[in-house]
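Structure, as structure tokens:
The values are calculated or read from the model by the stated rules, or taken from the named source; none is laboratory data. What you see is a predicted model; the values in this text were computed from it and never measured. Using ideal geometry, Cβ is built from the backbone for each residue, glycine included, and neighbour counts are taken over all protein chains shown. These area figures cover heavy atoms from the full protein model, side chains too; ligands, DNA and RNA do not enter into them. Shrake-Rupley method; radii C 1.70, N 1.55, O 1.52, S 1.80 Å.
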Amino acid sequence: MKILVATNNQGKLREIEQIFGESFELLSMRDVGLEIEVDEIGETFLENAFLKAKGVFEASGIPTLSDDSGLCVEALGGAPAVQSAYFAGYPTNNEKNNALLLEKMANAINRNAKFVSTVVLWFGENDYIIGEGETTGKILDKLTGEGGFGYDPLFYSNELNCSFGEATSEEKNKISHRGRALKSLFEKFQERQK
Ligand code: ITT
């Protein structure tokens, strides 16, 4: 089955391909010549995941998978959450986001955080599947590791005992918010096919 991945984030696209590449024939926005920036005006990960999946499906007519995700930091009252991509302002800049996070966390004693992902596979109105996943960790006080993308070098995974920047993509995908959200979505997809 062909599925269009509704993301402009190359880090996400790579992970989704690693996790789902054998189960589906995945197409990127570039593959189908689509250049769309959906306005992410939702207040929750789910609202934004719906906006992206629906918006890109309407432009393409192809079953569409979206991911809305982010980092929630306890000491920051759960921020940046749905604003994770634009924490340090527009346009998205990972270095500036990480620098701002380090600055805001400079004196924080509670460093607990989690990554959250909500994925939606949209086949049409009233015909969609949702998957959700989380993974917990701590915000480091310096960039650690070169792998992954976004906040990965500042996220020490409680389960891997290293930063996501130091983990291999296989290690990360196995326990990550996105890996878990996609796994739960895939189980529901298999039910739907029965
Ligand atoms: P699309 O909307 O085009 O998919 P985006 O990057 O704008 O791309 P989001 O609105 O869902 O996507 O923002 C997610 C942000 O949260 C992302 O830009 C990173 O800063 C952060 N993030 C999410 N998952 C992450 C991960 O696995 N590792 C590191 N940072 C992550």
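Any idea how far the Cα center of segment 63-94 sits from the one of segment 13-56, in Å?
One Cα centre to the other: 15 Å.
5 Å is the cut-off here: which amide hydrogens, built 1.01 Å from N in the peptide plane, fall below it relative to Leu27, excluding neighbours closer than 5 in sequence?
Amide H to amide H, under 5 Å and 5 or more residues apart or across chains, Leu27 pairs with Ile3, Leu4, Val5.
If you roll a 1.4 Å probe over the heavy atoms of the protein chains, what accessible area per residue do you get for segment 36-78, in Å²?
45 Å²
Scan around Tyr128 for amide H atoms under 5 Å from its own, H built in the peptide plane at 1.01 Å from N, and keep only partners 5 or more places away or cross-chain.
When sequence neighbours closer than 5 places are left aside, the close amide H contacts are Phe123.
Please report the net charge: other residues with Cβ closer than 13 Å to the Cβ of Val119, K and R +1, D and E -1. Display every interim value, and only then the final one.
On the way: positive: Lys12, Lys52, Arg178, Arg180, Lys183, Lys188; negative: Glu15, Asp67, Asp68, Glu132, Glu134, Glu187.
The answer is 0.
Can you pull the percent of the chain's accessible area that's carbon plus sulfur, 1.4 Å probe, other chains left in place?
Working: 4770 of 10120 Å².
Carbon-and-sulfur percentage of accessible area, whole number: 47.
Take Ile41 and Ser28, extend 7 Å from each Cα along the Cα→Cβ direction, and tell me the distance between the two endpoints in nm.
So the label points at Ile41 and Ser28 sit 3.0 nm apart.
Determine, for each peptide in 120-132, 164-176, 96-108, 57-69, the mean count of other beta carbons within 10 angstrom over its residues, then list the peptides with the highest first.
57-69, 164-176, 120-132, 96-108
Around Glu132, under 14 Å between beta carbons, what's the net of Lys plus Arg minus Asp minus Glu among the other residues?
0
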